[in-house]
1. Taking residue 385, is it surrounded by 14 or more Cβ atoms within 10 Å (Cβ to Cβ), at pLDDT below 90 and within 18 Å of residue 237 (Cα to Cα)?
2. Using beta carbons and a limit of 6 Å, which pairs, at least six apart or on different chains, have the first residue in region 256-269 and within 9 Å of residue 370 (Cβ to Cβ) and the second one assigned to a helix (DSSP H, G or I) and of a type in the set (A, V, I, L, M, F, W, C)?
3. Kindly indicate whether residue 335 is surrounded by 22 or more Cβ atoms within 10 Å (Cβ to Cβ), touching a Leu at 6+ places or on another chain (Cβ under 9 Å), assigned by TED's automatic domain parsing to the domain that holds residue 305 and not in a strand (DSSP E or B).
4. Please give the helices (runs of 4 or more DSSP H) falling wholly within region 216-318 in which 2 or more residues are closer than 29 Å to residue 166 by Cα.
5. Would you point out which residue out of 135, 127, 143, 166 is touching a helix residue (DSSP H, G or I) at 6+ places or on another chain (Cβ under 8 Å) and in a strand (DSSP E or B)?
6. For region 351-376, which positions are touching a helix residue (DSSP H, G or I) at 6+ places or on another chain (Cβ under 8 Å) and over 23 Å from residue 291 (Cα atoms)?
7. Restrict the check to region 233-248 and report whether at least one residue is touching a residue at least 12 places away in the same chain (Cβ under 8 Å) and within 16 Å of residue 367 (Cα to Cα).
8. Would region 70-80 turn up any residue that is assigned by TED's automatic domain parsing to the domain that holds residue 220 and surrounded by fewer than 16 Cβ atoms within 10 Å (Cβ to Cβ)?
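The values are calculated or read from the model by the stated rules, or taken from the named source; none is laboratory data. Since the model is a prediction, treat every value here as computed from it, not as a measurement. Note: ideal-geometry Cβ built from the backbone for every residue, glycine included; neighbour counts use all protein chains shown.
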Amino acid sequence: MDRLLQARQDIDRIDTELARLFEARMAAAAEIAVWKQAHGRPIRDKARERELLIRNSARIQDTALRPHYCAFLKDLMSRSRDYQEEILRPEGPTLLWVRTASGNYPVCLRRGILAQAGRLADLERVVFLVTDEGVPRTYAETVAAQCGRAVIHTVRQGEAGKSPAVLTALLESMLRAGLTRNDCVAAVGGGMVCDLAGLAASLYMRGIDFFSFPTTLLAMVDASVGGKTAVNLGGVKNAVGIFRQPRAVIIDTEVLATLSPRHVANGLAEAAKMVLTHDAALFARFEEPKGYGPVEDIIAACLQIKRAVVAADEQEQGLRRVLNFGHTLGHGIEAASGGALLHGECIALGMLPMCAPAVRNRLVPVLERMGLPTFGSFVFDPDAAMAAICHDKKAIDGGVEIVTVPEIGRFTFRKASLEELRQMLLTLIKKT
């Protein structure tokens, strides 16, 4: 019996590893499918398949097992082709894979895709849906209708909902709902909901699955992808959190129709942040009088940038700090505004002093056209902003590491003194 139990445990362990490798293999297959489509190449490559069968079967030392392994490989390659063709169907979503050390996951982008959530995410279980008062109820209900069993939990709208007290209430509600380690959390909302729900999922039962259904442009281009989860503490933004990657991100741009122009501009600020540091050609599209084109293209371009950064530096030890461009001053302004400004509006202001003059001259008209604040358009208390900056996670040894843009599409890191940052804040108050 002991040998039987040990053999079963060995199979369970091997199956767990096989599941992880299967996901990684399908992620690579998805990347290949997208590349082949872009280069006009067919999905099936018979010569390549024969080569794989010959090479891989030779790795099986037990010759009696080789035919079984070949049959397994043939089935696996067939399923890979089916998956690739599904991805490339005209009615299918744009699919990007985010690859990190802690796991890989798909980001699905398409108008109307919320109604297909059950096909794209594993929702045949208890799903704890987190949303907020500002999100149309129908979005959470659309996802709930595709779940094995759904519990919808609504929190306060805005940064006030991103607190330890709300997090505790969320966890207690999950416990009352009887969630097990096999169940999951899904965020249906903006960046605040994504941060809060992701953190709750990472803490409950030491971590359960988490899915993100962003409903704001800001969350679509930034907050929903990358695994940053957090709540505010003692007036300090995102002071308590953890890196926890979602299992999948489902982006339905149809939901943007219910956003106000101000909230659309809020998200465009984060898009501008990405583009300024990485993509000069795309920034030029922002400058065009007729606008930047389909919003799906902007979201996809920002996600391409973010996934590359996150893949290289999942836990913000180096390169990922570039995504803080505009946030050092922006977080301080956000705290000083007392809720009068949205997050993206504060980031728009925070970017301006971090740009070289030539970059700033091009950025200001773009921000104004988007409906975002620039120099002298909002007066705030610089002392209150500096107090928040001093508590920021990026503050070290009497200074703060900042990201600057010497030219569009390029960035640098450097340390700035607190006095230098204060002077930057003062320039924002004055009309230039």
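1. On the way: surrounded by 14 or more Cβ atoms within 10 Å (Cβ to Cβ): yes; at pLDDT below 90: no; within 18 Å of residue 237 (Cα to Cα): yes.
Judged against the criteria, residue 385 is not a match.
2. Partner pairs satisfying both residue conditions: 264/217; 265/370; 268/370; 269/347; 269/348.
3. no
4. Answer list for region 216-318: 261-278, 295-312.
5. Among 135, 127, 143, 166, only 127 is touching a helix residue (DSSP H, G or I) at 6+ places or on another chain (Cβ under 8 Å) and in a strand (DSSP E or B).
6. Selection gives 353, 354, 376.
7. Looking through region 233-248, none of the residues is touching a residue at least 12 places away in the same chain (Cβ under 8 Å) and within 16 Å of residue 367 (Cα to Cα).
8. Applying the first criterion (assigned by TED's automatic domain parsing to the domain that holds residue 220) to region 70-80 yields none.
No, every residue in region 70-80 fails to be assigned by TED's automatic domain parsing to the domain that holds residue 220 and surrounded by fewer than 16 Cβ atoms within 10 Å (Cβ to Cβ).
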